[in-house]
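To start, the structure under review is shown below, and the notes come after it.
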Amino acid sequence: MKEQIAMNLNPVVAFLKKMPQDFTRADIIKFIEDNNIKMLNFRYVAGDGRLKTLNFTITNRYYLEQILSTGERVDGSNIFPDFIHAGSSDLYVVPRFSSAFVDPFAAVPTLSLLCSFFNKDGQPLDNSPEFILRKANDAFNKVTHMSFYAMGELEFYVIGDKEELYQTTDQKGYHESMPFVKFEQFRTECMYLIAQCGGQIKYGHAEVGNFTLGDKIFEQNEIEFLPCPVLEAADQLVVAKWIIMSLANQYGLNVTFAPKITDGKAGSGLHIHTAMMKGDKNQMITKGKLNSIAKTMIAGYLTCASSLTAFGNTNPTSYFRLVPHQEAPTSICWGDRNRSVLVRVPLGWVHRNDMVADNNPLEKAKNESFSSKQTVEFRCPDGSADIYLLMAGLVVAARHGFEMEGALEFAEKRYVDVDIHTKENAKKLTELDQLPTSCWESADQLSSHRDIFEKHGVFNAEMVDDIIKKLKSFKDKNIRSEIEKNPEKMSELVKFYFYK
């Protein structure tokens, strides 16, 4: 624990000398008093997926204690218009002390806290996406006796004025460095601010997508996080998206997490890596190999894959990205290190080795095992996702793997170790189910799987009905054929959903 605190960039952690999960109300008050904090922000995610803000001026200790003890009331009909109506709309927002971070953009010293929603009776709001994730996590723990860990790969385009010097080849931006990429400094500053606000970052880099359009350059970037308990993972992604857009605004840049910007160029995904843990031990590896526990989880993902798009691919532009012959998946299958599959098992240090000693003669070989780093990656979500509902859906799907019959056989039949989009593997491709091609199809798949998501009371029927209704409202059942007939429609939709 001391090692985690020593180099932690979050000033609240550094000052209190304790990790966020140990923060108390008294800790928050002490930090505010001793660090000359003048403002307090409550932040919470609304139905549109954006981070909302309620500002408080701290005028005296009694008022501060009251805010932190009671939360505040808000108009739920404006926060969740799909299922809360003006006739009975009041909700409470109550802070989670573990989420505390200093606002990096505020001119006045400000502390921010993420909040949860409670209803008129003081009970957690059943349809709140954050509470649905909590319920999903509780059910997973109860059924499997394991903890669900997750982390996201957050891809996004940075858009600025075109420069003539040191241009990068179209669609060849992967891991490129300055001066051939123009926004590396912006990305690294984003990473620093995210870490200050509690984000546990693994790394950042330039991604494949790199192109010019008119007088603008579009440069794709990725920031990837470290695995952590799933509720923390969701909070970190929400805050990270807010920081990236806020900093871009200060730089005079444009940023989008849109799944697809234009035809023929790399789209942006939100790949989610997952692991099942007991304490600090990864449960998915036995003697250096992926075990039956991991394959059971994968079976759950594959069973629910088509309906998980209802949470992870939530507007028509998502389905411009999920097309064959690009790195985005279309077939419901899994494999090792294979980027054409939906569920990928990346390199996981499962072999016993000491590569560092091999590469550095002054280091003594320890032959350590790092198999605890192994994850399983779900590759179809994108930036349109409702992050809490997506994470909840993945937790439900993983749990379902342990509740379904024949999970291991189901997974085995859907394992592929080839590129399924080549001519010689055409037969294998025809044997695999395909992901939806529109929000309309995604809604149909959620309807067919709703019993899985409603089990254990995780998603209630009203919430599932609302999601289906919203997806159907796009009326995009034939969107791909419509785009072929009218290519300009794609540009119109991308523009409309650019910040969604």
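The values are calculated or read from the model by the stated rules, or taken from the named source; none is laboratory data. Since this is a predicted model, take the numbers as computed values, not measurements. Cβ sites come from the backbone with ideal geometry, for glycine too, and all protein chains shown count toward neighbours.
Details
- Condition check for F218: touching a residue at least 60 places away in the same chain (Cβ under 8 Å), surrounded by fewer than 22 Cβ atoms within 10 Å (Cβ to Cβ) and in a strand (DSSP E or B): yes
- With a requirement of 3 or more residues that are touching a residue at least 40 places away in the same chain (Cβ under 8 Å), the helices (runs of 4 or more DSSP H) lying completely within segment 424-500 that satisfy it span 439-454, 461-473, 479-485, 488-496.
- Of all residue pairs spaced 6 or more apart or on separate chains, those with beta-carbon atoms under 6 Å, a first member in segment 290-301 that is of a type in the set (F, W, Y) and a second member that is in a helix (DSSP H, G or I) and surrounded by 18 or more Cβ atoms within 10 Å (Cβ to Cβ) are Y301/A397.
- D235 under 20 Å from the mean Cα position of the chain (by Cα) and among the acidic types (D, E): yes
- One residue from D386, D466 being among the acidic types (D, E), in contact with a Gly (Cβ under 8 Å, 6 or more places away or on another chain) and in the same structural domain as K241 (by TED's automatic domain parsing): D386
- Any chance S128 is among the polar types (S, T, N, Q), within 24 Å of the chain's Cα centre (by Cα), surrounded by 19 or more Cβ atoms within 10 Å (Cβ to Cβ) and within 20 Å of A26 (Cα to Cα): no
- Every test in (1) buried (at least 18 other Cβ atoms within 10 Å of the Cβ); (2) outside the structural domain of H271 (by TED's automatic domain parsing) is passed by Q196 save one, and that test is (2).
- Looking across segment 179-201, not a single residue is farther than 27 Å from T110 by Cα and either within 21 Å of the chain's Cα centre (by Cα) or part of a strand (DSSP E or B) (or both).
- Flag if I223 is assigned to a strand (DSSP E or B) and either touching a Cys at 6+ places or on another chain (Cβ under 7 Å) or of a type outside the set (D, E, K, R) (or both): yes
- All of (1) of a type in the set (A, V, I, L, M); (2) free of Cβ contacts under 8 Å to residues at least 40 places away in the same chain; (3) closer than 30 Å to L51 by Cα hold for A385 with one exception: (2).
- Residue in segment 251-267 that is within 21 Å of P346 (Cα to Cα) and out of contact with any Cys (no Cβ under 6 Å at 6 or more places or on another chain) present: yes
- D48 being at pLDDT 95 or above and either surrounded by fewer than 16 Cβ atoms within 10 Å (Cβ to Cβ) or not small (G, A, S) (or both): no
- Condition met for I243 (part of a strand (DSSP E or B) and under 19 Å from C190 (Cα atoms)): no
- Considering only residues in segment 381-423 that are touching a helix residue (DSSP H, G or I) at 6+ places or on another chain (Cβ under 7 Å), β-branched (V, I, T) and outside any helix (DSSP H, G or I), the one that is surrounded by the fewest Cβ atoms within 10 Å (Cβ to Cβ) turns out to be V418.
- Here V158, V143 are screened, and the one residue that is within 30 Å of R96 (Cβ to Cβ) and surrounded by 14 or more Cβ atoms within 10 Å (Cβ to Cβ) is V143.
- All positions within segment 430-474 that are closer than 19 Å to A328 by Cα, out of contact with any strand residue (DSSP E or B) (no Cβ under 8 Å at 6 or more places or on another chain) and modelled with pLDDT of 95 or more: P436, T437, S438, C439, E441, S442
- Any hit, segment 426-446, residues being within 27 Å of E327 (Cα to Cα) and among the basic types (K, R): yes
- Among the residues of segment 317-324, none qualifies, meaning not one is more than 23 Å from T430 (Cβ to Cβ), out of contact with any Pro (no Cβ under 9 Å at 6 or more places or on another chain) and polar (S, T, N, Q).
- Test: residue in segment 15-30 that is acidic (D, E), outside the structural domain of V464 (by TED's automatic domain parsing), in contact with a Leu (Cβ under 9 Å, 6 or more places away or on another chain) and surrounded by 17 or more Cβ atoms within 10 Å (Cβ to Cβ): yes
- Matching strands (runs of 3 or more DSSP E) fully within segment 89-178 where at least 3 residues are out of contact with any Gly (no Cβ under 7 Å at 6 or more places or on another chain): 110-118, 147-161
- Within segment 338-391, the set of residues being farther than 30 Å from L446 by Cα and of a type in the set (D, E) comprises D354, D358, E363, E368.
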